[in-house]
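In what follows, a single structure is set out as structure tokens and then discussed.
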Amino acid sequence: MIDIKNLVVVGAGQMGHGVGQMALMAGYNVTMVDVKDEFVEKGWNKIDEGLKKLETKGKLPGGKTAAEFIANCKKSTDLASAVKDADIVIEAVIEKMDIKQQVFKTCGENAPPHCILASNTSTMSITDIGKESGRPDKCIGMHFFNPVPLMRLIEVIYSEHSSDESISKGMEFAKSIPCLRGERYIAKVLKDRPGFICNRVTAPPQIYQNYVFA
């Protein structure tokens, strides 16, 4: 399996910049991508702020400074170009199937053949998201929880077509991402079902609570 060095995060919002920050702290090269420069800049600034805050508390790994970590974070609004050297892509755009499918299609057409395409969706079908990618065996789910720096759990999800190798590489990558509250807990999800594990378990009581107090 190829070593992962270059990560592209698509979507610079709350989840995207959280993933980006922790991946930088793990030593990866990160490219943040969004549809507008202002969105990318906002996400990049959030990462910079987060790193500087940790620096003041002496919590950055390896004795490095925030400036040293953020130097490995690029910004882009051109997804096709950004993924040319990617080893893994994590999609963290809004929960709309057509947008996610377009992201995967663009990545599938432009990323290297070995590149893994992961979706951070919390509920949508990984199989459906990756069906236009041209590489369904490389498509997986990688569901981080909010806020990424503090929440230890990551779900790594099989689609109907994910290869064991892709899942293994996704698990390896997820385990390498630090958490400020301790070691990561990585859950391998074998079936592509709505809500996966965590949200599937918590949804029924939430629905009942909404019904009772509506």
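The values are calculated or read from the model by the stated rules, or taken from the named source; none is laboratory data. None of these values were measured; they are calculated from a predicted model. As a convention, Cβ positions derive from the backbone with ideal geometry for all residues, glycine included, and neighbour counts pool all protein chains shown.
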### Query
When you go through Phe39, Phe69 one by one, which is the residue that is among the hydrophobic types (A, V, I, L, M, F, W, C), outside any loop (DSSP other than H, G, I, E, B), in contact with a Leu (Cβ under 6 Å, 6 or more places away or on another chain) and closer than 20 Å to Ala12 by Cα?
Phe69
### Query
Just a yes or no: is a residue in the range 52-63 in contact with a strand residue (DSSP E or B) (Cβ under 6 Å, 6 or more places away or on another chain) and either part of a helix (DSSP H, G or I) or modelled with pLDDT under 95 (or both)?
no
#### Entry: Condition check for Lys74: out of contact with any helix residue (DSSP H, G or I) (no Cβ under 7 Å at 6 or more places or on another chain) and either surrounded by 17 or more Cβ atoms within 10 Å (Cβ to Cβ) or part of a loop (DSSP other than H, G, I, E, B) (or both)
no
#### Entry: Top-ranked residue in the range 167-188 [being within 22 Å of His114 (Cα to Cα) and among the hydrophobic types (A, V, I, L, M, F, W, C); ranked as surrounded by the most Cβ atoms within 10 Å (Cβ to Cβ)]
Phe173
### Message
If I filter the range 146-166 for residues that are in contact (Cβ under 8 Å) with a residue 40 or more places away in the chain, of a type in the set (A, V, I, L, M, F, W, C), in a strand (DSSP E or B) and buried (at least 17 other Cβ atoms within 10 Å of the Cβ), do I get at least one hit?
### Response
no
### Query
Quick one: would you say His114 is in a strand (DSSP E or B), touching a residue at least 12 places away in the same chain (Cβ under 8 Å) and not hydrophobic (A, V, I, L, M, F, W, C)?
no
### Task
Can you run down the residue pairs with Cβ atoms below 8 Å, 6 or more apart or on separate chains, where the first is in the range 58-77 and under 26 Å from Asp34 (Cβ atoms) and the partner is assigned to a loop (DSSP other than H, G, I, E, B)?
Ala66/Leu60; Phe69/Leu60; Asn72/Tyr28; Thr77/Asp34; Thr77/Val35; Thr77/Lys36
### Query
Considering the range 117-142 alone, what residues qualify as being of a type in the set (Ser, Thr, Tyr), buried (at least 19 other Cβ atoms within 10 Å of the Cβ) and not in a loop (DSSP other than H, G, I, E, B)?
Ser119
### Query
So is Thr123 touching a residue at least 24 places away in the same chain (Cβ under 8 Å) and more than 19 Å from Phe173 (Cα to Cα) or not?
yes
#### Entry: Residues of the range 3-25 satisfying the condition of being loosely packed, with under 15 Cβ neighbours inside 10 Å and over 14 Å from the mean Cα position of the chain (by Cα)
Asp3, Lys5
## Note on the structure
Of the residues in the range 170-214, those that are of a type in the set (Phe, Trp, Tyr), at pLDDT 55 or above and within 30 Å of Leu54 (Cβ to Cβ) come to Phe173, Tyr185
